[in-house]
């Protein structure tokens, strides 16, 4: 994974595999990543109706070890990790003193003295520094991103495809649980997690075995309609499912209350970084809230387009795109609390014209049970 | 691949001139780069555009791409099929997915644009730089 210069984008262990599959490659957060193979629409639909395989090795991993590992996790992350059992994962966030986002993360409890954290590609160095700076607990903090390839196998047929390649009983791994086991004889962390709104797994494995597992999965799932999926559909899938993306819905200017992520913030768990600011904001009340909208007029809202509330420019679209499964033009934006009720009409500025949109419930898409 | 009786621009539009009317579309290469087209925005008939002026947009799931007028003229007709079926741009970019017909200010204006052979060479060079 080494690179010659600082400007050359980094490559995952599957770079050659993506090129063999004739993927369209883009620079994403400093990584040379596949944005699409067969097309964003067919890839998006495959994940909703069959299965898709993603290389998400650009994501980072940070591990915290030692007798006081939990103390450090509890200090830096706003969800309550104290109740986790070994083999359980939890969506959480790293916060600034101001209660705003450093990153959103997934904490995995390997043991009482070992926590494994998955972080965003663009934030891995920042997160590592941020966690280390608060380590008054003598916990051991390691940045181990380069030790892992991360694959995501997502979709209604993900479990049956993966089961063909592993002796691990996947039906015993519930949502947001994980196990260690072999996938085509390669040792993996098998987590029932994902970012698509579908059932599925994220696999963490050593980079030299990447191509073996990648190719075996594609082959095993071929007749089920499994195809490789790029970052383009990863974004439309997460937007359809109403998931926040760091740098868009959440960043160091927004809080869990505003982003409607209050459920990952446990004020009653004791002290953590950002808690005081969040208590204060909760008492004072938030002024704006993240809301989902659907275009009513002809036009597609895009990231950064102006949002008009009562005819006046209020903010910007945080994410906007056509939604290939729902076949609607959707978006997310911060809206003043007083105007954030479902059914409210807002305007989206599209190349100098105001096009009407309506606030709708999120998530836009929820998978059938 | 690229019809010999069309002329082309480096912005990947094509124009076919018949009796002072230019039919305009985007090239096979342009639609391939863009991916699945989901939305096309075209001007009202009667609108006048200068050469290189933006006359509309074509959007894929991920990208918005401006359409540049290859030659000056007034819009005589817009393709009615694209509003309901924007994917036609991917299926038949040089034919059924024409975008607008333009009454040209100067019927000879397209003569200075790239020929099919020159455009193909331009595409090949830009793909080599990318790879």
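Key figures
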| quantity | calculated |
| --- | --- |
| Entirely in the stretch B:1-42, the strands (runs of 3 or more DSSP E) that have 3 or more residues that are closer than 18 Å to residue B:111 by Cα | B:13-18, B:21-26 |
| Test: residue in the stretch A:185-193 that is outside the structural domain of residue A:119 (by TED's automatic domain parsing) and over 22 Å from residue A:119 (Cα atoms) | yes |
| First in the stretch A:21-34 and over 21 Å from residue B:34 (Cβ atoms) and away from chain B (no Cβ under 13 Å), second anywhere and at pLDDT 95 or above and assigned to a strand (DSSP E or B), Cβ under 9 Å, 6 or more apart | A:30/A:10; A:31/A:10 |
| Single residue of the stretch B:19-42 satisfying the filter (over 24 Å from residue B:124 (Cβ atoms) and more than 12 Å from every other protein chain (Cβ to nearest Cβ)) that is surrounded by the fewest Cβ atoms within 10 Å (Cβ to Cβ) | B:19 |
| Qualifying position, being out of contact with any helix residue (DSSP H, G or I) (no Cβ under 7 Å at 6 or more places or on another chain) and without any contact (Cβ under 8 Å) to a residue 12 or more places away in the chain, among A:327, A:366, A:266 | A:327 |
| Every residue from the stretch A:66-79 that is more than 22 Å from the chain's Cα centre (by Cα) and either within 26 Å of residue A:192 (Cβ to Cβ) or crowded, with 21+ Cβ neighbours inside 10 Å (or both) | A:69, A:70, A:72 |
| Residue ID - farthest from the chain's Cα centre (by Cα), chosen from residues in the stretch A:335-358 that are closer than 22 Å to residue B:39 by Cα and more than 14 Å from chain B (Cβ to nearest Cβ) | A:354 |
| Filter result (surrounded by fewer than 16 Cβ atoms within 10 Å (Cβ to Cβ) and either in contact with a strand residue (DSSP E or B) (Cβ under 8 Å, 6 or more places away or on another chain) or more than 28 Å from residue A:83 (Cβ to Cβ) (or both)) within the stretch A:253-288 | A:253, A:284, A:285, A:287 |
| Failed criterion for residue B:86 (all others in (1) away from chain A (no Cβ under 11 Å); (2) part of a loop (DSSP other than H, G, I, E, B) hold) | (1) |
| For residue A:207: the one exception among (1) closer than 21 Å to residue A:27 by Cα; (2) crowded, with 20+ Cβ neighbours inside 10 Å | (2) |
| Matching residues in the stretch B:60-73 - criterion: being buried (at least 24 other Cβ atoms within 10 Å of the Cβ), in a strand (DSSP E or B) and within 14 Å of chain A (Cβ to nearest Cβ) | B:60, B:67 |
| Selection status of residue A:82, surrounded by 17 or more Cβ atoms within 10 Å (Cβ to Cβ), closer than 30 Å to residue A:277 by Cβ and either more than 18 Å from the chain's Cα centre (by Cα) or away from every other protein chain (no Cβ under 14 Å) (or both) | no |
| Out of A:33, A:1, sole residue that is closer than 29 Å to residue A:173 by Cβ and at pLDDT below 95 | A:1 |
| Any chance residue B:93 is touching a residue at least 12 places away in the same chain (Cβ under 8 Å), within 14 Å of another protein chain (Cβ to nearest Cβ) and assigned to a loop (DSSP other than H, G, I, E, B) | no |
| Helices (runs of 4 or more DSSP H) (entirely within the stretch A:150-245) containing at least 1 residues that are over 19 Å from residue A:35 (Cβ atoms) | A:158-163, A:210-221 |
| Options A:303, A:310: the member that is surrounded by fewer than 19 Cβ atoms within 10 Å (Cβ to Cβ) and within 13 Å of chain B (Cβ to nearest Cβ) | A:303 |
| Failed item, numbered, when residue A:319 is tested on (1) within 25 Å of residue A:94 (Cβ to Cβ); (2) in a strand (DSSP E or B); (3) away from every other protein chain (no Cβ under 14 Å); (4) touching a residue at least 60 places away in the same chain (Cβ under 8 Å) | (3) |
| Single residue of the stretch A:246-256 satisfying the filter (touching a helix residue (DSSP H, G or I) at 6+ places or on another chain (Cβ under 7 Å) and not in a strand (DSSP E or B)) that is farthest from residue A:17 (Cα to Cα) | A:256 |
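The values are calculated or read from the model by the stated rules, or taken from the named source; none is laboratory data. Keep in mind that what you see is a predicted model, and the values were worked out from it rather than measured. We place every Cβ from the backbone using ideal geometry, glycine too, and count neighbours over all the protein chains shown.
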